[in-house]
Each structure stands twice: as structure tokens, then as C-alpha cells.
Amino acid sequence: MNPRRIGADFKVFARGYVRNPVALFFSLFFPIILVLLFGLIFNQPTTSVTLYAENLDPGSNISAQFLNALNQTGAVQVTVVGPAQLPGNESLAKYLADHSDPVGIVIPPDFGQDYLSHQPTNVTVYTNPEDAVSGGIAEAAVGAVSNEFNLQLSHGSPVVGVAVLPIASTIYKEIDYLVPGLIGFSILTSPMFAMVDISSTYKKDHLFRQLSLTPLTKDEWLASKIIWYVILSFISAAIMVGAGVALFHAHVTLSIYLVPFLVLGPFFFVSLGMLAGSIAKTPETAAVIGNVITFPMMFLSGTFFPVAAFPPYLQVFAHILPLYYVIDGMNKVMLFNNPGSAVADVAVLAAASVVVFVLAILAFKWRDE
Amino acid sequence: MSNAVEVTGLRKTYGDLAAVDSIDFVVPEGEVFAFLGPNGAGKTTTVEILEGLRKRSGGEVRVLGLDPWTQGTELHHQIGVIPQDFRFFDKIYPREAIEFYGTLFGKTPDPAQLLQRVGLLDKAEAKFDTLSGGQKQKLGLALSLVNDPRVCFLDEPTTGLDPQARRSIWEVIRQLRSEGRTVFLTTHYLEEAELLADQVAIIHHGKIIAAGSPSDIIAKHGRPARLTVEGPPALGSYLQQKLGVTSVVSDGRVVIPLTERGDALRVLTALEASGLPWQRFATESDTLEDVFVALVGRMDDGEVKA
């Protein structure tokens, strides 16, 4: 490889890029939009679930206390549904279904009397399986309040308590996880989509053949693209960290140990994009192959959701996605400030990048056989 | 004089189809060689094999003594190429493109001088995607000269250009020849080949059907020169009786073949002496285009075996 020729090709490519307003917009403003958008989605305070309650024991103090206790959990917001909303003895279940509301509770008749006389009594919780989250929250809240009432009646007191504390000393917010994830997202998408597009348009416009008539070699050409996307990844990482800190007060640790990920990530994805574009016969196939590779990686590598929250089989799948190692490593460095544990991520990325680079060079043709 | 290009038994097949079917030719160094043929005849395949862009299926090819496929890197330092319908990076300026090529080839060209030479200096700082078709071809020509090539391959460099742009590219080709460079030109325009080329080869269905200088090809494959005069059919009979020439009479025109020097003068003298009414005489001879159309047409009709 000749550094002079790589430099010359880099200069031409970089100029072409900055003279293209669309490319420039996506490189500089898209990261800000991403942070803003996902920051707003994930960073909003948790809202409580509205629990529609039909009280068939309205005169009782106990039923009123029960509903009040539910409100005080903070997890649910009780809205009482009276006879006015349930004409002709319509059931609460039907009301919920008609109004597309997910959860409700029915306090049975004589609830207060049965409670005070130690007679077993059941409250009924309606949930909609299509909104499992709201159902789960409502069930948990009703269960907790029922236990509390049972304890009170038997004059007992709780023995086992639960204290919820964040790991390490910092309190992490959603945005803190989101910044490394979104940096990973742009390390993946920016070079992948660009290289798939370049590989097919250069082929169509005979630009590879044109370059093959000069002393520039394929590996020099690909190296100059890698250098460009490495620089771009540093710029967009800086923009995203800046936007995360400025807009959402994100906590991130910036250290020199981020460098391997900002270099190896683009190295890998520029090569992979070129490989995908090269094995495709037409621009349409190239786009499809690019999407098939990019989209699962985009969502299953811990970009927006932590991989630990996935079902076990998806966690196994995530571990074969190269972007997982970029995001996992960056989380270890930026979030947990624990670069030592990221060495394995760097090793996996470095090995994969070299292999894919070599495959891309072998697959893409300057000239026709 | 040595040969810049030597081709022996060159073949290129795609499955059962022979795009180039055992062709032979040489291009002497310093000459302009025009490679002609209808669309799909095998011109571009041949020129791309010579440039090292395409692998041959068989035969021997040497350009400046080098095998274009296996010694392409070495060869590309000594040849300049404008491919058909030259395209380049959309946002690059012509001046930058020349500097880029200069760095790749390890040369320090003067962009202004090269752009001046091809008539593109006023567009030195315009983005490539804003240039017209002719201006793009001119940049292609300028880039092909950055490495000071000994052989220039120009694949249909003037296709689709306006007459003025074509003429300015012709002028550059003449200059290249006067500098001692070899020019390998493929073109659709027979008039262009006739004007510029020292040697011509016509390829059709992958085979060379005629080769030589334009005048040799016309002499060998063309019809004799002829004199045409407007007048009554009786003029034809008169000339046959007087001069023994067989003329063709149609539509009030008499066409008399001219086989020897002085024939035209003898015919005109006889016409004047005939006392018959005649007017508007003209002499005609075949152009390369006439010969090309006739040869290709006859081959398609199965009359000519390549």
C-alpha cells in the first residue's frame, strides 16, 4: 500500500462527500436528531397505568381505602367507573373492551363487611393480553395492596423487605445507555449504507474500471474509505456525546479507550458494506443484502435495548453480531468506566475486521474476467 | 518502426458466442489506427482486452511488448485510456481530477496546460456533474494524457458530441500523432476515421473484414470513380458508340465509370461534341463510409466471407 496514493484518493472522496449536502446533513445533523428523538422517547418520566375500577361496595370505608392504597403505590392511577358509565348493568370487562382500555378492577359487593369479618373475598383484575406490561403492573400493584390489607388484618408486619439500588455509585439514566448505543448505530449504518451504494454505483458508472487504469490498488482504495469513515465516526460520536450531555445531561466517560471501537467499528463495517455490495450482481440485490445484514444488527446488538433484557436465544444471536461487540465495549468504557473488561470486545472486532477486509478485497473486482 | 500493438489469433467468447473470433492486426508505433465496426461487432471488447480491462479467451496480445492482462500495472504507466461514455466522480473539479491522477501516477502535471490543450480551461473549477457531455469527454482526454502515454486508447471519444466538440477532439488527436504517440481509435464515424487514421480495420461479427489505409480499403472494396451528367438516354448510347464505355441511365441521369486518368476529360469532350442537350455534371468516388456500408451489408447478406 502506498500512503501517497491513499492520501490522494482520500482527498478526492472527502471533497466529494463534503460537497454533497445530503451526505453532509446525514453526517452532522442526523446524530443530533437521533439523540434528540430517542432521548425524548426513552428519557421521559414513567407514567402510571390507568386502572378502571368498578366499586360494587360503594358505601364501605374499606373499599375506598383499598382504592386509595392502590393510588398511593404510584404504579396505577385509579379511575372509578360508576353506573353512569355502565348502563343496564354492563360488565366492566365489556366497558374495557369497548373503550380499548387495558386494565380494570372490580371490588365485589360486601367487600368491606367480608374483610372486617375475616371472610375470604376476591377482587377481580381484568387485563388485556395484548398489553402485557400494563397488566403486569396492575397485577403487581393489586397484589401488593392485598398483601398489605391481609397483614394489617392479622396484625403482622413485613419481615423481608426489598431495597432497589443501582449498581456502582452512579445513578444511570436511559440516556446514558443510549449514547453508546446510538454511536454504535451510526458506526454501523453510515459506512454500511454508503459502501453498498458506492459499490453498485461505481460499478454502474465504470468508476472501478477507470481507477483500475491507474496505479491505485483495490486495498488502497478501500483503505482510504476506512480512514474517511473512522474520521466521520469520531465526529459523529463527539456530536452525539455533546447532544446527549447538552440536551439530556447524559453521564458518559470519555477516554482514550474509546479509540479502538471508533476505529475498528468503521474498519469492519466499511469492509462488510463493500463485501455485501461486491457479491451482489445488481444495485437492487446489493440494497437487499445490505438491509438483511444491517437491520437485525441495528435492533439486536444493544443499540436501543440492553441485550441482557432479550430472551436467551436472542442473546445468543446477539453475540454473533459484530455490532454487539462495538456497543458492549463502548458501554464498558463510557458507562462503567471499566476498559479492562472491553479487551475481549476489541480482540473479536480486530480479528473480524481483518477477515472481512481481506474477503472484501478478494470479492470486489476492478476489472472483468 | 516497431509495433505498439500486436494481436494474433485473439479470441473472446461468452459461452458459445464468440464476441471476438481469431483476429490479427498490428498497429505501428506513432500511427493513428481506427478500429471500425457496427454496434456489437466486437470493437469495445477488443479495445478493453488491449487496455487490460478484460481477460482474453485465446490468442496473443502485446501492447508495447507487454501482456495487458498479466502486466497491466506496468502497462498502465505507459498508456492513456478514455473509455466509452467517460464518467468520473460527480463533485470533483477538472483541475483536482488532473492533480489526483498526477499523484496516482507519481507525476506533476500542469493542470492549466492540460486543460488548455483539450479546451477545458474555462471549466477548471466546475463540478464534473455540471459539465456537458463534450466537456466530460474532454476531461477524459486530459486525464488520459496525465501520465505522458506512448499509446492512447480512445473508445468512441466523439460519440454524441456536437460538431464543434468533435472537431476540437480531432485536433487533439492530430497533435498526439504529431508528438509521435500511437492512437488507437474506435469510432462510429467513418468520416472521422478517414480524416484521422493512417490505418483502419473493420470488424464485424467478431472478425476483421477489411484492413489497410483508408485509400487502400476504398480502392480494394469500393466502386470505381464515376461521372454523372443530366441528359437524355441517347447520351448513353452516344458515349458507348464513341468511347466504348458502358454507362447506366436512370431518372434523366447518365452515370459513366472513370477507370483511367483522363477519362473525365474524354467523356466531357465527347458530350460537348454529341450535340445532345446535357447539364450539371459531377464526379463521384466512394468514401470509407460507402465501402463500410457495402461491406457490412454484403456480409450480412452472406455474400462476403470474412
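Just so you know, all these numbers are worked out from the coordinates, no wet-lab data involved. For clarity, every value in this text was computed on a predicted model and none was experimentally measured. FYI the Cβ positions are ideal-geometry reconstructions off the backbone, even for glycines, and counts take in every protein chain you see.
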Hey, what did the range B:85-227 get for relative contact order, percent, Cα under 8 Å, at least 6 apart? 18 percent
Angle between the Cα long axis of helix B:163-178 and the longest principal axis of chain B, 0 to 90 degrees, nearest 10? 80 degrees
Cα-Cα pairs above 18 Å in the range A:49-153: how many percent? 45 percent
Have a look at A:VAL288, A:VAL252, A:VAL333 and tell me which one the Gaussian network model of chain A (Cα, springs below 10 Å) gives the largest fluctuation. A:VAL288
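Tell me, what are the semi-axes, in whole angstrom and largest first, of the equivalent ellipsoid of the range B:224-284 as set by the roots of 5 times the Cα gyration tensor eigenvalues?
Details: eigenvalues 46, 32, 23 Å².
Semi-axes from the Cα gyration tensor: 15, 13, 11 Å.
With 10 angstrom as the radius, rank A:ARG209, B:ARG117 by how many other C-beta atoms surround their C-beta, starting from the fewest.
Working: A:ARG209 21, B:ARG117 17.
Ordered from fewest to most neighbouring Cβ atoms within 10 Å, A:ARG209, B:ARG117 come out as B:ARG117, A:ARG209.
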Whole-Å distance, taken between Cα centres, linking the range A:79-148 and the range A:1-32: 61 Å
Read phi for every residue in the range A:108-124 and hand back ³J(HN,Hα) as whole Hz from Karplus 6.51 cos²θ - 1.76 cosθ + 1.60, θ = phi - 60°, with x for Gly and Pro. x, x, 6, 4, x, 5, 4, 4, 5, 9, 6, 8, x, 9, 10, 8, 10
Using only the Cα atoms of the protein assembly as shown, what are the Rg and Dmax in Å? 41.0, 149
Under 25 Å from the Cα of B:LYS91 - lysines, other chains or at least 8 residues apart: A:LYS11, A:LYS203, A:LYS204, A:LYS218, A:LYS225, A:LYS365, B:LYS107, B:LYS123, B:LYS127, B:LYS136, B:LYS138
Could you pull the Cα extents of chain B along its three principal axes, largest to smallest, in whole Å? 76, 47, 35
What are the membrane-span-like helices in chain A by this rule: whole DSSP H runs, Cα extent along the axis at least 27 Å, mean Kyte-Doolittle hydropathy at least -1.0? A:132-153, A:174-204, A:218-248, A:259-279, A:343-363
What is the angle, in °, between the Cα long axis of helix B:234-243 and the longest principal axis of the Cα atoms in chain B? Nearest 10 is fine, range 0 to 90. 90 degrees
Once amide hydrogens are built 1.01 Å from N within the peptide plane, the residues lying 5 or more places from A:TYR126 or on another chain with amide H under 5 Å from its amide H are A:GLY104, A:ILE105, A:VAL106
How big is the gap, in Å, between the Cα center of the range B:94-135 and the Cα center of the range A:342-369? 35 Å
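Semi-axes of the equivalent ellipsoid for the range A:285-369, please: Cα gyration tensor eigenvalues, times 5, square-rooted, ordered largest first, whole Å.
Details: eigenvalues 159, 63, 19 Å².
Whole-Å semi-axes of the equivalent ellipsoid: 28, 18, 10.
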In whole Hz, the Karplus estimates of ³J(HN,Hα) for the range B:183-189 (6.51, -1.76, 1.60; θ = phi - 60°; x where Gly or Pro) are 10, 9, 10, 10, 7, 8, 8
Which far-off residues, 5 or more places away or on another chain, put their amide H under 5 Å from the one on A:THR253, with H placed in the peptide plane? A:LEU335
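Can you sort B:THR103, B:THR159, B:THR130, A:THR294 by how many other beta carbons sit within 10 Å, fewest first? Kindly include the intermediate steps, with their values, before the conclusion.
Numbers: B:THR103 23, B:THR159 15, B:THR130 11, A:THR294 20.
Going from least to most buried by this count: B:THR130, B:THR159, A:THR294, B:THR103.
Provide B:LEU121, A:LEU182 in ascending order of the number of other Cβ atoms located within 10 Å of each residue's Cβ, fewest first.
Values: B:LEU121 16, A:LEU182 26.
Sorted ascending by nearby Cβ count, the order is B:LEU121, A:LEU182.
Please list the three semi-axes, largest first and in whole Å, of the ellipsoid equivalent to chain A, using sqrt of 5 times the eigenvalues of its alpha carbon gyration tensor.
Details: eigenvalues 668, 99, 58 Å².
That gives 58, 22, 17 Å for the three semi-axes.
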One finds the C-alpha centres of the range B:22-85 and the range B:200-243 to be spaced, in Å, by 32 Å
Under 5 Å from the placed amide H of A:LEU51, counting only residues 5+ away or on other chains, we find A:GLN77, A:VAL78, A:THR79
Pair-distance profile P(r), taking every C-alpha pair of the range A:1-42, with 5 angstrom steps and integer %: 5, 20, 15, 15, 12, 11, 9, 6, 4, 1
Between helix B:288-300 and chain B, what is the angle of the helix's C-alpha long axis to the longest principal axis, kept within 0 to 90° and rounded to the nearest 10? 90 degrees
Below 8 Å, C-alpha to C-alpha, sequence gap of six or more: please give me the relative contact order for chain A in percent. 19 percent
